[in-house]
1. Based only on the alpha carbon positions, what is the Kirkwood hydrodynamic radius of the protein assembly as shown, in angstrom?
2. Over chain B, what is the mean sequence separation of C-alpha contacts under 8 Å (at least six apart), divided by residue count, expressed as relative contact order in percent?
3. Can you list, bin by bin at 20 Å, the percent of alpha carbon pairs in chain B, starting at 0?
4. When only DSSP loop residues count, what chymotrypsin sites (Phe, Trp or Tyr not before Pro) in region B:1-99 have their Cβ near at most 15 other Cβ atoms within 10 Å?
5. Compute the label zone of A:ASN37 within region A:1-21: residues whose backbone N is under 13 Å from the point 7 Å along Cα-to-Cβ.
6. How large is the dipole of the protein assembly as shown about the Cα centre if only Lys and Arg carry +1 and Asp and Glu carry -1, each at its Cβ, rounded to the nearest 20 debye?
7. Between chains B and A, what is the buried accessible area in Å², counting both sides, with a 1.4 Å probe and ligands, DNA and RNA left out, to the nearest 100?
8. Given a 1.4 Å probe, how much area per residue of chain A is accessible, in Å²?
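The values are calculated or read from the model by the stated rules, or taken from the named source; none is laboratory data. In this text the structure is predicted, and so the values were computed from the model without any measurement. In this analysis, Cβ positions are derived from the backbone assuming ideal geometry, glycine residues included, and neighbour counts consider all displayed protein chains. The protein model used for the area step is the full one, side chains on, heavy atoms only, and it has no ligands, DNA or RNA in it. Shrake-Rupley method; radii C 1.70, N 1.55, O 1.52, S 1.80 Å.
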Amino acid sequence: MKIIADTGKCVGAGQCVLTEPELFDQSEDDGTVIVLNDKPEGELVEKAREAVNVCPSQALSLQE
Amino acid sequence: MTTAEKPVLPVARTCPFAPPEEYTRMREDQALTQVSIPDGKHAWVVTRHEDARRVLNDRRFSSNRFHPGYPFLVEGGNPFRGSQARPMISMDAAEHSAARKSVLGEFTVKRVDALRPRIQEIVDGLIDDMLSIGGEVDLVDMLSLPVPSLVICELLGVPYEDHDFFQGNTRKFASRDNVEEERHAAVGRLRSYLSDLVTAKEADPGDDLLGRQIVKLRAEGTYEHEALVSLAFSLLVAGHETTANMISLGTVALLENPDQLAKIQADPGRTLPAIEELLRYFTIVDAVTARVATEDVEISGTTIRAGDGVVVLGYPANWDPDVFASPERLDLERGARHHVAFGFGPHQCLGQNLARAELQIVFDTLFRRIPTLKLAKPVDDLAFKDEAAIYGLYQLPVTW
């Protein structure tokens, strides 16, 4: 699984960081998503799915 | 169907703990419903969760309140008309994205976390005051409103001693009962106040959000006085009635569900997920998620024509049984993070993480420090804001 983030679509709501700070961070400047680990494993896989589901601008997707 | 037969929006709440039956009926009957709105026009209403998220994240639906087709749920329409700069909530596409990103750095999860010690201090101070008074107090007055008000004032750099002025005008602006002139006048007074404040900061930008924006935007060569006044207005207003009402409603819900409250008290780690359920359950704002179609768009088999107004009702969407099983059940452990109480799409609430932090700190601290807290009146006797654009409570008498 690979996490794909589209910073052009990202609206900086921070829902992904709130879901899993091990996978996501936000740019200090404009709040857009920074993927810290784009190949989650184990328990982080479910967290990645949750982050995709709650992302308000569908800026996150998963390549299975 | 004739005009007379169309349902009319907005619909007042009748039960404090459930959406109006009309909303539920609309969601059950068909995906989209055509309704009459106060300005005599018609609008489409979206009530299902999937459709709500789709519409709110589809950039063919504009948030521009100056578009002639934009559906207002109050008479008189756009309260910002006459303003020299459009509020962020009314912008679209690249203009909106640039304005939002300019200030987003102030609202990241990390920045909000850095505010937590100060929020805790504020909450503790207010609870100290409550305890020193004792007897019966109004929680709205003593805690619900001062917490978000103090926090947003300090963040923006607005003097809290002026709170009677801006809280009163915010209430007038958010009320559906007030006549158009009163709402518009309240906006004018707030803008005038904030314009003077921004002028003072232009001469001496302090280390607060407004001061930092002045310095940053001047360096970029994009600074505009009126645009910053608009931003200050949006943040000040949005930071008040919303969180304040969620504190009051959440407190009532927790007190009415002692078994679930006990779980939070036993494990503060459960508070944050519980807040998501409280947000879903009450969905206090249902009017800001209106849009106008800029081209023909098909949603669940119905074509919305360019120029048609669309009102996305988050409340029935958050009670959509296809997404939230037994939605009428307040289940603090259900995992409700995909609710649309903060909206969805590019306009999703900018201050949502600040709101979460405030709610989490308030509920954890309030029930830890005053474990015997109880309502001083039966729920049925409480004054709920049935007609208001932002749902909540006028007063919440409590004792312990």
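1. 22.8
2. Computed over chain B, the figure is 26 percent.
3. With 20 Å bins starting at 0, P(r) equals 27, 59, 14, 0.
4. B:PHE17, B:PHE66
5. A:3, A:20-21
6. Roughly 580 debye for the protein assembly as shown.
7. For B against A, buried area totals roughly 1900 Å².
8. Details: 3130 Å² over 64 residues.
That works out to 49 Å² per residue.
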